[in-house]
Amino acid sequence: MDDRLEKFMEPFLEDETLTCDLTDAQAKVMLDWVQQQIGRAVEKTQDLDQDAAQAALGTRFKRLRARLHQIAKQSASAEDPTTALQQALRWSGLRWPRPNPQQSASTPAAAEEVQ
């Protein structure tokens with residue numbers, strides 16, 4: 001993992017409450033998905049310094065973690081938790097910003113949305 005991806009993944013990997021309602025296999029599915037999503041977002045920040053990338057993505061990743069807590073709890077209580085988890089992740093509708101290098105680091109909300 002490159003340094004930026006590792007830095008953004010760290011809170012997800014260290015948050016035991018994120019996957020405590022899931023089996024190990026389900027937790028792996030979720031964390032693999034998270035890594036893929038964060039990897040895509042981080043690729044879009046490769047031209048930014050770390051502070052600008054943090055400004056552009058940090059808040060979104062906090063929201064993502066909160067949403068994943070909900071997905072994990074809902075999936076764990078479903079009749080088929082693994083399928084429910086996979087569908088929730090697939091249909092999460094999450095979109096990632098395309099940071100604008102001309103924006104200042106203090107205005108991440110102005111980032112253009114992309115899929």
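Quick note: the coordinates plus some simple rules give every number you see, no bench work behind them. Bear in mind the structure is a predicted one, so any value in this text is a computation, not a measurement. Note that we place each Cβ from the backbone using ideal geometry, even for glycine, and neighbour counts take in every protein chain shown.
Annotations
- Order of R4, R40, R90 under a 10 Å beta carbon neighbour criterion, fewest first: R90, R40, R4
- Ignoring lysines fewer than eight residues from K28 along the same chain, the ones with Cα atoms less than 21 angstrom from its Cα are K7, K62, K73.
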